[in-house]
Amino acid sequence: MFVSEVAEGSSNNKYIELYNPTSSPIFLDEYTFGNCSNGCDDLGASPSITDNVDFWTFNFPAGSQVAPGGFFVVAHPTADPIILAVADMTYTFLSNGDDAYFLANIAGGDTTIVDAIGDFGPDPGSGFAVAGVTNATQNATLVRKPEVSQGNGGDWATSAGTNEIDTEWIINPSNDWSNLGIHTFNGACAVDNTGCTDPGAVNYDETATEDDGSCIFIPNLTVQEIQTQGFAGSVVTSGIVTAVYGNNGALAGQPSFVIQNGTGANSAIWVIGSGVAVGDQVEVAGNVSEVYGLRQILSAVPTVQSSGNALPAAEALMPSAINDEQWECVLVEMAGTVSGITANFGEWNLSDDMGQGMVASLGYNAVNDSVDVGGMMAAVVEEGRNYRVTGPNFYSFGNWKVCPRDTVDVVRIGCTDATFPNYDPLASEDDGSCSDVSGCTDESADNYNPDATADDGSCVITGCTDPTALNYNANTTLEDNSTCYYTLPSIIINEIHYNPCNSQGDDFDYEFVELLNIGDVTVDLGGYEFYNSTGGNDQLGVVFPDGTSMAAGEFILVVVSETGAANYASTGAQTFVMTQGNFSNSGEALSLRDAFGNVVNAVSYDDAGAWPSAAQGILGFNYVESPDGGCATLEYIPEVLAASLNNPIGNGNDDPGNWQASWVDNGTPGAANSSAFGCNNPDACNFNPNAILGDNSQCTYGCNGCTYPNADNFTAGATQDDGSCTFTIANDCPADLNLDGAVTTADLLVFLVDFGNDCQQD
């Protein structure tokens, strides 16, 4: 038998055609293919061909044979349909032109090369030369000449030749498949009546009259015998299918399954093949070989004997215990904590105190999977969490790896009781880890622990123990009466914007309440609360954070949305967003309270009755818009405020008569309220453009002038510069920086040295 044709066409249009020139069948159980990627290294010290060929991953299907004068075609699985229609089997790793292939006869512990495409040695580049043509094995179809009657025995140089005369090959163009399944042969083959004459052998030749000792008997071994004896070659064995996997790159892109015979060490083996289901009891015929460290049955032919059988119980192992060849392919389970997630390969580790074991994504990629938890997608595999994983124990790239078959094989373990702080919503199995967190659970305590679920009596509350104080705390455990206070701070509700007009924007984007500290001391607002109301009931809108302070004369804004906070950021005022509610267009109760519930200030506004709610105009011109959707805000009248400060009998901001619609559109957030009174002379220092009800007797002058102290005409007492400053030039040539009487590059150097520095003021 020899290679009659080899094609390396476009895309994956690749195949190897074998031809039997004899008058007897050739049994492929006696043959295999070896290959080297990008050439083969030179033969080393070992005389064994097996040791000098890179890969022996190819095996013909068990029981395959080539009839006299017949063909056997091996094609790439995604080759053109024309090729696949003729193919007897598919194999992923066919040559790109520079890969050497060797057809070998199995002979005892080693193999004998029958035919070769390519040669031992370094990478030939893009392909091997044939008939003096460079790279002839790439992008071409090679056909054996009719007179060739046997393989080259590994002598590629003689077979390839140096010209059209001495070569064994005809070079056809790429994608020329006209000879596929057809071979012109006029060579001489001696009549051979020898062969295997034993009917019990798999290669029994009924035409043979003389036994040549070539009979092959396939042993029927248990899986345990195959694994413990290091068996290689044709075999028949049986077991229950524990896992089925689709085409996978870790197994040369081939489908596979695992069979197991009972339980315990060495009881399972990986099988390259398909046509079975989990739970099937099968008998498998195939060729056993160890490929990249994993013993497997190649070119398997399974026979299903029964289905729906119970699977062997998974061996419970510690993570590090899977790293032992006796558990190769066995259905195992391990539990541990996730570490070392490798998203690119879908691999992850489970660890315990004794070590770690790896999980692979051969059947189910848990790393890339997610589940819905309360409307949010969460990763199935999470670093630091506990899991139990079940699956056959695979070996690749120097590591043992448990291969879960589906989602059922990956079980998250943790606390499943939602009443405990360490509840894990993704855990499907409780591991008894549910536990409370001890600590102080009183939110008012100095040492409050927000994570604590069981109070341990450790709470410490420092505070005032004087019952007459406004901040008396009956729960105090550590007295500090230096904190006692007996009067409330002078903070008032100063402006309310409850119904912005359409031209300004949406209510939720522009509503605000303005607070003003009318006292003369800074107030610590930490723990103070701002309330509005809903349905007639108080509604807590803001709890001011610890560390919040309000200086004398400072304004603070309370808004109803983050958008509102952004819209008023330019005011420079501290701004706080309510956690619930907004300001009613029809009125409601507002209040500021200290941390002990004492009311600092309260206003119940309305859009009707005595409260300003309509526009005010003279001769058809609106001087004041309505605060109820008319672009004005509701302001505490500044003149009333001034009077209350001079006569502190109460600020009176709970009286609707002391409120006005603002004299400017959209109010004065973060600033003093608008006024219609005062000086309306533009030349005056205290000019008020809104002083419609102006009194120019209040105007003050003399504030304009030159405010630059070094000017010739500096005006003492001027607060507003009028641009009248004059200066005497001390240097007639100001560009003469080094004062040498000339303007040169030397002056530029002086300038560059001082460039960027602050000027010194005289």
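Where a number appears in this text, it was derived from the coordinates with a stated rule and is not lab data. For clarity, every value in this text was computed on a predicted model and none was experimentally measured. Glycine gets a Cβ as well: all are built from the backbone with ideal geometry, and neighbour counts include every protein chain shown.
Annotations for the structure displayed:
- Percent of beta bridges antiparallel (DSSP, the chain, rounded to nearest 5): 80
- Whether the stretch 523-606 is rounded, prolate or oblate, judged on the alpha carbon gyration tensor where a/c under 1.5 counts as rounded: oblate
- Sorted by Cβ density within 10 Å, fewest first, the residues Glu562, Glu283, Glu511: Glu562, Glu283, Glu511
- Charged-residue dipole, Cβ positions (Lys, Arg, Asp, Glu), the chain about Cα centre, Debye nearest 20: 1700
- Antiparallel bridge percentage (DSSP; both residues within the stretch 548-641; nearest 5): 65
- Farthest positive-ward along the stretch 2-173 dipole, Cα basis, beta-carbon charges - from Gly154, Pro61, Gly132: Pro61
- Summing charges over all other residues whose Cβ lies under 10 Å from the Cβ of Asp98, with Lys and Arg as +1 and Asp and Glu as -1, gives -3.
- Amide H to amide H distances under 5 Å link Asn494 with Glu514, Leu515, Leu516, where only residues 5 or more positions off or on other chains count and H is placed in the peptide plane.
- Dividing the radius of gyration of the alpha carbons in the stretch 2-173 by their Kirkwood radius gives 0.93 for Rg/Rh.
- Centre separation in Å (Cα based) which lies between the stretch 55-70 and the stretch 640-709: 104
- Unpaired Cys in the chain, meaning no second Cys C-beta under 4.7 Å: Cys189, Cys329, Cys403, Cys733, Cys759.
- Taking Cα atoms only, the orientation of helix 745-754 departs from the longest principal axis of the chain by about 90 degrees.
- Cubic angstrom per residue, convex hull over Cα atoms of the stretch 491-661: 124
- For the peptides 445-451, 537-543, the ranking by mean Cβ contacts within 10 Å, running from highest to lowest, is 537-543, 445-451.
- Most simply put, the stretch 133-232 has about 60% antiparallel DSSP beta bridges, counting only bridges with both residues inside it.
- Annotation: peptides 86-99, 478-491, ranked by per-residue average of other Cβ atoms within 10 Å with the highest first, follow the order 86-99, 478-491.
- For the chain, with +1 on Lys and Arg beta carbons and -1 on Asp and Glu, the positive-most of Leu590, Gln260, Ala552 along the dipole: Gln260
- Global geometry of the chain, whether rounded, prolate or oblate, following the gyration tensor of its Cα atoms and the 1.5 cut on a/c: prolate
- Overall form of the stretch 96-195 per C-alpha gyration tensor (a/c, 1.5; a/b vs b/c): oblate
- Over the residues of the chain, the helix contribution to mean residue ellipticity at 222 nm works out to -1500 deg cm²/dmol, using -39500 (n - 2.57) for each DSSP H run of at least 4.
- Long-range HN-HN contacts of Phe2 with modeled amide H, under 5 Å: Tyr19
- Gap separating the Cα centres of the stretch 270-347 and the stretch 164-217, nearest whole Å: 37
- Sum of side-chain charges, Thr237 neighbourhood, beta-carbon under 13 Å (Lys, Arg +1; Asp, Glu -1): -1
- Residues whose amide H comes within less than 5 Å of that of Val380, counting only those at least five positions distant or on another chain, are Asp369, Ser370, Val371 (H built at 1.01 Å from N in the peptide plane).
- Summed side-chain charge close to Asp606 - residues other than Asp606 whose Cβ falls under 11 Å, Lys, Arg +1, Asp, Glu -1: -3
- Each peptide among 547-553, 581-587 gets the average number of other Cβ atoms lying within 10 Å of its residues, and from highest to lowest they stand as 581-587, 547-553.
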